[in-house]
1. Does at least one position in segment 205-223 carry a residue that is at positive phi, assigned to a loop (DSSP other than H, G, I, E, B), open to solvent by less than 80 Å² (accessible area, probe 1.4 Å) and small (Gly, Ala, Ser)?
2. Filter segment 324-346 for residues that are among the polar types (S, T, N, Q) and open to solvent by 50 Å² or more (accessible area, probe 1.4 Å) and give the result.
3. Restricting the first residue to segment 237-255 and requiring it to be under 13 Å from Gly365 (Cβ atoms), which pairs with a second residue that is open to solvent by less than 80 Å² (accessible area, probe 1.4 Å) and modelled with pLDDT under 90 meet a Cβ separation below 8 Å and a spacing of at least six or different chains?
4. Name the one entry in Gly26, Gly48 that is more than 55 Å from the chain's Cα centre (by Cα), touching a residue at least 12 places away in the same chain (Cβ under 8 Å) and in a loop (DSSP other than H, G, I, E, B).
5. Could you please find all residues in segment 63-97 being open to solvent by less than 80 Å² (accessible area, probe 1.4 Å) and assigned to a strand (DSSP E or B)?
6. I'd like the residue in segment 117-129 that is of a type in the set (A, V, I, L, M) and in contact (Cβ under 8 Å) with a residue 12 or more places away in the chain and, out of all such residues, is surrounded by the most Cβ atoms within 10 Å (Cβ to Cβ).
7. Quick check on my filter: what residues within segment 293-314 are closer than 17 Å to Ala281 by Cβ, at pLDDT 90 or above and either open to solvent by 30 Å² or more (accessible area, probe 1.4 Å) or out of contact with any helix residue (DSSP H, G or I) (no Cβ under 8 Å at 6 or more places or on another chain) (or both)?
8. Could you tell me whether Ala360 is surrounded by fewer than 18 Cβ atoms within 10 Å (Cβ to Cβ), small (Gly, Ala, Ser), part of a helix (DSSP H, G or I) and touching a helix residue (DSSP H, G or I) at 6+ places or on another chain (Cβ under 9 Å)?
Amino acid sequence: MAMNDEKTNRVNFTAGRVNSFTCPAGKNEAYLWDIKATGFGIRAYASGKKSYIFQAAVNGKTKRSVIGPVDAWDIDTARQESNRLRMLADKGVAPSDEKRQRHSEALEIEAEQKRQMITLEQLWSVYVEANRSRWGDKHYNDHSKLIQPPGVPCGRGLTGRSKAGPLWSLRTARIAELTAEKLESWLNKEKESRPGSAAHAYRLLFACLTWCEESVEYTGLINIHNLKSKNLRRSVPKMKARSDVLSREQLPVWFKEMRRIPNQVIAAFTQVLLMTGCRRAELVNLKWTDVDFHWLTLTVRDKATSKGQELGSRTIPMTPYVTHLISALPRRNQWVFSSLYGTSGQLVEPRKSINPALLAAGLEGLTLHGLRRSFATLSEWCEAPAGIVAQIMGHKPSAIAEKHYKHRPIDLLRVWMDRIEVWMLEQGLVDYKVDTDIIHL
């Protein structure tokens, strides 16, 4: 119908003819064709709407495309667009195909523009969520803290507020505009006040950027090789591995000051750390359901032992003195080491109480993780087998025999843990009365 109209209903498009053309009464639509440009026409609807259109036969089939509303296009511009579509049609390209291609190209350009505008804060959020299922809580929290804003309540008492994370100042930087010089300037500023945090942030930042470079969605945004200039690598603070550890001679004064800490939970927490060799997070997350007073065991949430492995757990003996300390703790909630101030009910930051005690003992600088190192070191005085100590502490097996052949029962671990505890208490001059009703509950 429209092709026949194109042969008969043809006029020279002028402003007057275009404005006066309407859809006749009783019809849904009508067509008017231009005499100067073949296939160029106007389609008028019963509603009064009118559009410039182009129509042509492509590969034996009639194809039609809307150029645009009559009130938005002038005649000459619409005719030029029609002539362009005519040349494509002569080459066998349908107007609809060409339109889809242009739309696809426009979307690609828009997507690339959005990619180029992505900031570190946006990328960091995507990166963390994409990898969260493979990480432990500590690793996830480390990433959150690196880019945290200042002034956020952080659970350190009722008035505790967070400091800006090391990456906070870079959060608005666009990934595509990161340069080695910009990162060097950021690192030099951060390491003035917190070199350890700056070095840690540098490593995790480049892990994120490497993931970005290898991701299909973000590939091409950055070039890691260009970012890691010599000057930038030289600016990374060189951190020495911590070696803080309690010696045998320091045990008396350490036990004396830890047992004098007014907060019963924190006093017990530090001593259990030393007596079990557990990680700080393992004890913080210890629940009352993990404590078995019948079989005298503790089940602690362990670190993942290999890449991609979910967190597991290990069960260790609960020695007499550790049982004495834990059984005396208040049962405020589900957590063994609880707090009246933390929002989660867990012990959050015990160092405010521990540091004065360490200062009084002349042991300032001893960290909580140093107590874990101390357990490993002091156990050698008892000639405990390395494999026994590693299993108690939750270290990965270091030999084939340890991995596949040696599965030590809890009673064997208890023999050595009891021996280590007795030796530590003797050296620390700790005198306490064992509550046999609790021990044999």
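1. yes
2. Within segment 324-346, Asn333, Gln334, Thr343, Ser344 meet the criteria.
3. Taking only residues 6 or more apart or on different chains, the pairs are Asp244/Gly365.
4. One residue alone meets the criteria, Gly48.
5. Lys63, Ser65, Val66, Ile67, Gly68, Pro69, listed by residue number.
6. Ranking the qualifying residues of segment 117-129, first place goes to Leu120.
7. Correct list: Thr299 only.
8. In short, yes.
The values are calculated or read from the model by the stated rules, or taken from the named source; none is laboratory data. All values reported here derive from a predicted model rather than from experimental measurement. Cβ sites come from the backbone with ideal geometry, for glycine too, and all protein chains shown count toward neighbours. All accessible areas refer to the heavy atoms of the entire protein, side chains included, with ligands and DNA or RNA removed. Shrake-Rupley method; radii C 1.70, N 1.55, O 1.52, S 1.80 Å.
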